[in-house]
Amino acid sequence: MSIGIRLKEKRLKHHLTQEQLAEKIYVSRQTISGWENGKNQPDLENLIMLSELYKTTLDELLKGESVEMTTQQPMVPKPKPAPTRKFAFLLFYWSLLSIVLQIILREEKISFMIFYAIGGFLITAFSLKRTNRLSNLYSQGVNMFDPGIYLCLGFLVLIIVGFILQDAIIQR
């Protein structure tokens, strides 16, 4: 018996729809459907959340061996890591510092904007890497809509626009 069939049996045994299960383990309904139809397989993190939700072992989910899982307290799936406050504050203070320096130095060049964009890009990219949200982009389609990814891409676009404007100003 394949893992997809076992996952579907467990889901039906617990009277859950694909949508309800997807909400409980923070993936899309299409991801659950793909697992059950054998198109793809859940990663280790999702298998652990499924085993905790179904109160079963990983062996039973993967191999079909029935072993009763005994726990003192009920296991609840943990949510995927959220953006940390530390990086949000760091990005806020970086922006504030950039604005204050721009006002104080009164630079007429676009190079200051490029400097700000590179710093913002690095802070955002490091935040995404540190919270594992960047690696989840390829494993689950639902994470494509992470605002941090769009913020990182926005800084990248700002860098490109800054270089284009800098060249236009220099050529004047």
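The values are calculated or read from the model by the stated rules, or taken from the named source; none is laboratory data. Keep in mind that what you see is a predicted model, and the values were worked out from it rather than measured. Cβ: placed from backbone, ideal geometry, glycine included. Neighbour counts: every protein chain shown. Just so you know, the surface numbers come from the protein's heavy atoms only, side chains and all, with ligands and any DNA or RNA stripped out. Shrake-Rupley method; radii C 1.70, N 1.55, O 1.52, S 1.80 Å.
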(request) Heavy atoms only, probe 1.4 angstrom, no DNA, RNA or ligands counted: give me Val157, Val100, Val27 ranked by accessible area, highest first. (result) Val157, Val100, Val27
(request) Sticking with the crude label model, points 7 Å out along Cα→Cβ, report the distance from Leu44 to Val100 in nm, one decimal please. (result) 4.4 nm
(message) So if I take the alpha carbon set of the stretch 1-53, get Rg, then get Rh from the Kirkwood formula, what is the Rg over Rh ratio?
(response) 0.90
(request) Arrange the residues Tyr93, Tyr116 by how much accessible surface each exposes, largest first, with a 1.4 angstrom probe. (result) Tyr93, Tyr116
(message) Give me a comma-separated list of calculated 3J(HN,Hα) values for the stretch 7-24, in order, Karplus coefficients 6.51, -1.76, 1.60 applied at θ = phi - 60°, integers in Hz, x for any Gly or Pro.
(response) 5, 5, 4, 5, 4, 5, 4, 8, 6, 10, 7, 4, 5, 5, 5, 4, 5, 5
(request) Go through Lys24/Lys63; Lys39/Lys86; Lys8/Lys129 and tell me which ones have a Cα-Cα distance over 31 Å in this structure. (result) Lys39/Lys86; Lys8/Lys129
